[in-house]
Structures are given as C-alpha cells and as structure tokens.
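Student: Can you keep this structure in mind? I'll have questions shortly.
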Amino acid sequence: MPIYALGDRTPDIHPEAFVHPDAVVIGDVRIGAHASIWPSAVLRGDYGTIMIGERTSIQDGTIVHAVAEFPTVVGSDCVVGHNAHLEGCTIFDGALVGSGSVVLHHVEVHPGATVAAGAVVRNRTVVPAGALAVGVPASIKEGASDAESIAAAAQLYVENARRYRAELRLL
C-alpha cells in the first residue's frame, strides 16, 4: 500500500487500523485503532496534520487534506462517505459526512450530526450536535440527524475492516 513520509512528516498508523492497499497516505497522518481507509482514498498531510479517530471509516475515493494553520480532525466512531472532500475542518465523534459532500476550512461538525450526501459546507460553518447540513450551500436543520444510525454504520465498517484484514487477497 502506498504510505509515504514527506521530509520529516511521517504517518502514524495504529497496527489495528485497516488501510486498503489502493489507498494513499502521505505525511503527517495519524490513524487510530480499528479505523478503516478504503480504496482510492487519499489522506495527504503535507502541509498540516490529519487525525483519524478510532473506529472511523474513510470510504472509497475520499480526499482528506490539511492546511498549515490548522489540522483536519475526524473523531472516533465517524463515517465519512464515498468521494467526500474534507479540508481544514473538525468532525467530532459520532458524526457522519455523506457521500460526495465537501466540508471546508474551520467547519465544525458536532457529535451525532450529519452532513448530507452532496452538501457543501462553507468555511466557518458550525453544524450543531444532532443537526443535519443539507444542500449547496448547506443549510442547517436542527435535530434532523440520527445518531443511532451513525453508530450502527460506524460499527458495520469496523466489522467490514476485520473481514478485509482476514480475507482480502490479490488475484
């Protein structure tokens, strides 16, 4: 799998994390236990730090980048859907970022919140706990997220990563 140091910036990947062989991890990227990084995801910590919490899934095609002024942080028990783009934001524990969404600088997505598929969350937006951010640009719908569904999805990806660690083979 392509895991690269860049100068003195070196990834720190927990031994119980799963990084798919077709994902790319570069530079100052920290990945927690039982996290999963799926095919074609790119985590590029060349200018800033990227932190991925425990039991969090970064799904296929997702781009995670950071800028020098502040890190990109994704907490524990989060789900980041296919083809999302995260840059310079903080995703708190137990949040979900939907497929194809864009979450930009200084955004905070609080616990149990959801960024809907395809949403664009502009700089400095706060998505409160339990809220849903939907649309382009995203508008906030208080209390419209489902924390139980997020937790179930996060656990599903922990189990799927275990399966992949045990059964994935190149043919």
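Student: Return yes when D93 is part of a loop (DSSP other than H, G, I, E, B), charged (D, E, K, R), in contact with a helix residue (DSSP H, G or I) (Cβ under 9 Å, 6 or more places away or on another chain) and at pLDDT 95 or above and no when it is not. Explain how you work it out, then say what you get.
Tutor: Numbers: part of a loop (DSSP other than H, G, I, E, B): yes; charged (D, E, K, R): yes; in contact with a helix residue (DSSP H, G or I) (Cβ under 9 Å, 6 or more places away or on another chain): no; at pLDDT 95 or above: yes.
For D93, the condition - part of a loop (DSSP other than H, G, I, E, B), charged (D, E, K, R), in contact with a helix residue (DSSP H, G or I) (Cβ under 9 Å, 6 or more places away or on another chain) and at pLDDT 95 or above - is not met.
Student: Which of the residues belonging to region 132-158 are within 15 Å of V107 (Cβ to Cβ) and either of a type in the set (S, T, Y) or not in a strand (DSSP E or B) (or both)?
Tutor: Selection gives G135, V136, P137, A138, S139.
Student: Oh, and also: Report, by residue number, each residue of region 1-29 that is surrounded by fewer than 19 Cβ atoms within 10 Å (Cβ to Cβ) and under 13 Å from the mean Cα position of the chain (by Cα).
Tutor: Correct list: empty.
Student: Have a look at V102, V115 and point out the one that is over 20 Å from A68 (Cα atoms) and not small (G, A, S).
Tutor: On the way: V102 fails: over 20 Å from A68 (Cα atoms).
Sole residue among the options that is over 20 Å from A68 (Cα atoms) and not small (G, A, S): V115.
Let's see how each residue does on (1) in a loop (DSSP other than H, G, I, E, B); (2) touching a Ser or Thr at 6+ places or on another chain (Cβ under 9 Å); (3) at positive phi; (4) not hydrophobic (A, V, I, L, M, F, W, C):
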| site | (1), (2), (3), (4) |
| --- | --- |
| P21 | yes, no, no, yes |
| P39 | yes, no, no, yes |
| D46 | no, no, no, yes |
| R55 | yes, yes, yes, yes |
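Student: Okay, moving on. Among (1) surrounded by 18 or more Cβ atoms within 10 Å (Cβ to Cβ); (2) among the aliphatic types (A, V, I, L, M); (3) more than 11 Å from the chain's Cα centre (by Cα), there is one condition A33 misses while meeting the rest; what is its number?
Tutor: (1)
The values are calculated or read from the model by the stated rules, or taken from the named source; none is laboratory data. Source: prediction; values computed, not measured. Note: ideal-geometry Cβ built from the backbone for every residue, glycine included; neighbour counts use all protein chains shown.
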